[in-house]
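Notes follow the structure.
The values are calculated or read from the model by the stated rules, or taken from the named source; none is laboratory data. None of the values given here were measured: they were computed from a predicted structure. All Cβ positions, even for glycine, are placed from backbone atoms using ideal geometry, and neighbour counts span all protein chains on display. Accessible surface areas use protein heavy atoms only, side chains included; no ligands, DNA or RNA. Shrake-Rupley method; radii C 1.70, N 1.55, O 1.52, S 1.80 Å.
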Amino acid sequence: MAELTTELAGVKLENPTVLSAGILGNTGEILKRVGLSGAGAVTTKTIGLKPRKGNKNPTVVDMGDVFLNAMGLPNPGAENFVEEIRIAKEGGKPIISSIFGKDAGEFAEVAKILKKAEPDLFELNISCPNVGSGMSFGCDPVAAGKVVEKVKAVTDISLSVKMTPNTHLLVEVAKSVEKAGASVITAINGLGPGMVIDVETGIPVLANKVGGVSGKFVRPIATRCIYSIAQAVKIPIIGVGGIYSGEDAAQHIIAGASAVGIGTAVKDHYLDIFKKVCDELDVILERKKLKSIGELVGTVKEVLT
Ligand code: RRO
């Protein structure tokens, strides 16, 4: 068995699989259960300052290997989530607290409240594809850096920044958040937005009409984003997007990820996905005669010409 442990800004993970934000992350009890079932770390649903209902249903379209979602950031608000994080910690795995604010100051307000529960990392969600201003921070290197600075001023907990793929400024945003003091980058959030139309009625299926795209076919885009970011920054990356197997995870890791986020695949494999990906990664490491995940991170080679 190869060494599957990894590290994100001093936070030790017993394996590189991380439950991504927005999947099963609504309560402490389910986060605890995911932690106990084999994930290396778990991320909460993105939490804002005040309780928020989210969008009207339908909020999800399940196309098998692809999901379209426009949840609209439903969450109970920061004060109501402090206890959930405390409960989640009973699972014994590092907790990544995903947070959102309408501006940099509000991000800091949310962090001030949730730091009472002492999560291991904050993940600043500057990339929600479904909330008015959500994605704008993630497309603007200056605004993204400002969010990091404001949150850093109110907490010593290390910060990760969740990137949107929906920008030509991906690398500039990554460099800016690193310069502002982010310790980790999470890449990527949903692609798009996309749209699905019911042919019989001619009506878009999502009540919101459009939503973020995730699932199997996002994997090559995520790998490219991770690769581009890894070439530009020194901080570790949680590679998210389309992971269903050890082979998928290995591609993100070779591109530069130190850990991998799993979300949509939970629908098909439920909580077994974490062990499945770890077992398959172990086989890949043995095949490549590597002793640890660390030996695989960022080992992407030049194309032969
Ligand atoms: O709640 C959502 O609609 C949502 C969020 Br906050 C996000 O970051 N990514 C996503 O696909 N959906």
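Restricting attention to the stretch 6-40, the residues being touching a Gly at 6+ places or on another chain (Cβ under 8 Å) and within 17 Å of ILE293 (Cβ to Cβ) number 7. Here the stretch 51-74 is the region considered, the condition is being of a type in the set (A, V, I, L, M, F, W, C), touching a Gly at 6+ places or on another chain (Cβ under 6 Å) and not in a loop (DSSP other than H, G, I, E, B), and the residue that is surrounded by the most Cβ atoms within 10 Å (Cβ to Cβ) is LEU68. Looking across the stretch 12-50, the residues that are open to solvent by 20 Å² or more (accessible area, probe 1.4 Å) and either hydrophobic (A, V, I, L, M, F, W, C) or within 14 Å of the ligand (Cβ to nearest atom) (or both) come down to ALA21, GLY22, ILE23, LEU24, ASN26, ILE30, LEU36, LYS45, LEU49. When you check PRO94 against the structure, is it within 14 Å of the ligand (Cβ to nearest atom) and surrounded by fewer than 24 Cβ atoms within 10 Å (Cβ to Cβ), yes or no? So PRO94 does not fit the description; no.
Scanning the stretch 196-228 for residues that are open to solvent by 40 Å² or more (accessible area, probe 1.4 Å), in contact with a Gly (Cβ under 9 Å, 6 or more places away or on another chain) and free of Cβ contacts under 8 Å to residues at least 60 places away in the same chain turns up PRO220, ILE221. Of the residues making up the stretch 164-219, those that are in contact with an Asp or Glu (Cβ under 6 Å, 6 or more places away or on another chain) and basic (Lys, Arg) are LYS216, ARG219.
Based on this model, can you work out whether LYS102 counts as of a type outside the set (A, V, I, L, M) and modelled with pLDDT of 95 or more? Quick ask: steps written out before the conclusion?
Details: of a type outside the set (A, V, I, L, M): yes; modelled with pLDDT of 95 or more: no.
No: the conditions fail for LYS102.
Scanning the stretch 125-157 for residues that are surrounded by fewer than 21 Cβ atoms within 10 Å (Cβ to Cβ), at pLDDT 95 or above and within 20 Å of ALA21 (Cα to Cα) returns a single hit, ILE157. Can you confirm whether the stretch 182-190 contains a residue that is surrounded by fewer than 17 Cβ atoms within 10 Å (Cβ to Cβ) and either at pLDDT 95 or above or within 30 Å of ILE254 (Cα to Cα) (or both)? So far as the stretch 182-190 goes, no, none of its residues is surrounded by fewer than 17 Cβ atoms within 10 Å (Cβ to Cβ) and either at pLDDT 95 or above or within 30 Å of ILE254 (Cα to Cα) (or both).
When GLY101, GLY77 are checked against the criterion of being within 16 Å of the ligand (Cβ to nearest atom) and over 18 Å from the mean Cα position of the chain (by Cα), GLY77 stands alone in meeting it. Condition check for LEU121 on (1) within 15 Å of the chain's Cα centre (by Cα); (2) under 25 Å from VAL213 (Cβ atoms); (3) of a type in the set (A, V, I, L, M, F, W, C); (4) modelled with pLDDT of 95 or more: one failure, at (2).
Got at least one residue in the stretch 212-219 being in contact with a Ser or Thr (Cβ under 7 Å, 6 or more places away or on another chain) and either of a type in the set (Asp, Glu) or within 16 Å of the ligand (Cβ to nearest atom) (or both)? Give the steps one after another, and end with the answer.
Taking the stretch 212-219 as the starting set, the residues that turn out to be in contact with a Ser or Thr (Cβ under 7 Å, 6 or more places away or on another chain) are 214-215.
Add one more test, that the residue is either of a type in the set (Asp, Glu) or within 16 Å of the ligand (Cβ to nearest atom) (or both), and what stays is 214-215.
Taking every residue of the stretch 212-219 in turn, at least one turns out to be in contact with a Ser or Thr (Cβ under 7 Å, 6 or more places away or on another chain) and either of a type in the set (Asp, Glu) or within 16 Å of the ligand (Cβ to nearest atom) (or both).
Can you pull out every residue in the stretch 28-61 that is more than 20 Å from LYS162 (Cβ to Cβ), without any contact (Cβ under 8 Å) to a residue 60 or more places away in the chain and of a type in the set (A, V, I, L, M, F, W, C)? If the condition is that a residue be more than 20 Å from LYS162 (Cβ to Cβ), without any contact (Cβ under 8 Å) to a residue 60 or more places away in the chain and of a type in the set (A, V, I, L, M, F, W, C), then ILE30, LEU36 are the ones that fit.
Residues are listed down the side, and each one gets a yes or a no for (1) buried (at least 21 other Cβ atoms within 10 Å of the Cβ); (2) under 21 Å from LYS216 (Cβ atoms); (3) in contact with a Leu (Cβ under 7 Å, 6 or more places away or on another chain):
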| position | (1), (2), (3) |
| --- | --- |
| ALA230 | yes, no, no |
| SER258 | yes, no, yes |
| GLY261 | yes, yes, no |
| PHE274 | yes, yes, no |
| GLU280 | no, yes, no |
| GLY298 | no, no, no |
